[in-house]
Number of protein chains: 2
Amino acid sequence: MPHNLNKIFKSIADPTRREIFHLLVLASSALSITQISQHFEISRQGITKHIRMLRDAGLIDMTEKGREHFCLANVKPLKAIQDWVQLYERFWDNKLKSLGDHLDQKNK
Amino acid sequence: MPHNLNKIFKSIADPTRREIFHLLVLASSALSITQISQHFEISRQGITKHIRMLRDAGLIDMTEKGREHFCLANVKPLKAIQDWVQLYERFWDNKLKSLGDHLDQKNK
DNA sequence: ATTTTATGCAACCAAATAGTTGCATTTAAA
DNA sequence: TTTAAATGCAACTATTTGGTTGCATAAAAT
């Protein structure tokens with residue numbers, strides 16, 4: 001179990017956390033908590049809480065340097081979300097075959 | 001805006017709702033609220049609330065027949081989730097190119 | 001015609017969430 | 001060495017969430 005699936009779902013369910021994550025991916029380098037919070041109107045402590053949830057879901061890697069705590073986006077846990085979605089992708093156009101059959105196939 | 005992205009994220013963030021959705025996809029036919037709730041230990045009213053959230057996110061289509069309310073899974077809104085995830089997919093292996101460049105490209 | 005079934009509505013509850021502020025501590029800068 | 005910056009910790013609050021129960025109503029079955 002790499003990172004709890006539910007934590008990942010919960011993490012990305014909040015728009016502010018998605019924004020933080022997006023900001024970090026865009027930055028493609030580590031940003032400190034203060035730097036991140038400057039992009040938002042909510043308090044630093046509010047941002048810290050969001051960052052911790054993202055970290056606990058594995059979506060942010062953290063390193064400390066002196067008094068600063070740096071955050072780096074880690075997209076890998078999103079793979080679990082994509083896997084979940086892809087289970088249903090086959091139905092986007094139309095029912096080709098029941099998902100039940102599909103799962104039976106995988107268990108053979 | 002087909003269906004509010006945040007509602008979709010919030011809907012699938014709850015494990016019970018994911019189970020309900022999965023059940024409906026597996027069924028590949030409409031199930032009544034009572035039928036659905038029989039698969040769970042929580043009360044019918046609890047299930048009803050979850051079903052409404054899924055419906056409001058577009059993940060369940062509902063039809064009434066007599067006194068029964070039937071639910072059918074609709075996977076289309078999941079496309080929005082996949083689109084969101086795919087924005088970051090390119091980073092799963094490694095940074096090929098920054099997301100910023102990628103977005104610039106799309107806006108040309 | 002009576003009873004049972006399927007449901008909605010409303011009130012209620014506990015826990016989680018998203019946010020705040022104040023204060024202490026460590027590190028860096030003047 | 002004093003001051004400023006970056007952070008954590010703790011307490012507090014309001015709102016949302018996930019769940020419950022009781023009661024009313026409409027439709028179906030007996």
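Annotation for A:E68 and B:D61: the two label points, set 7 Å from Cα along the Cα-Cβ direction, are 5.3 nm apart. Chain B versus the axis that turns it onto chain A: the residue with the nearest Cβ and the distance in whole Å amount to B:A13, 2. Sorted from closest to farthest, the other copies place their A:M62 label points 4.1 nm away, with each point set 7 Å from Cα along Cα→Cβ. The Rg/Rh ratio for segment A:5-107 is 1.14, where Rg is the radius of gyration of the alpha carbons and Rh is the Kirkwood radius. Ligands, DNA and RNA left out, the accessible area of segment A:5-107 computed with a 1.4 Å probe is 48% carbon and sulfur.
The values are calculated or read from the model by the stated rules, or taken from the named source; none is laboratory data. All figures in this text were calculated on a predicted structure; none of them were measured in a lab. Reconstructed Cβ throughout: ideal geometry from the backbone, glycine too, with neighbour counts over all protein chains shown. Note: areas computed on protein heavy atoms with side chains; ligands, DNA, RNA excluded. Shrake-Rupley method; radii C 1.70, N 1.55, O 1.52, S 1.80 Å.
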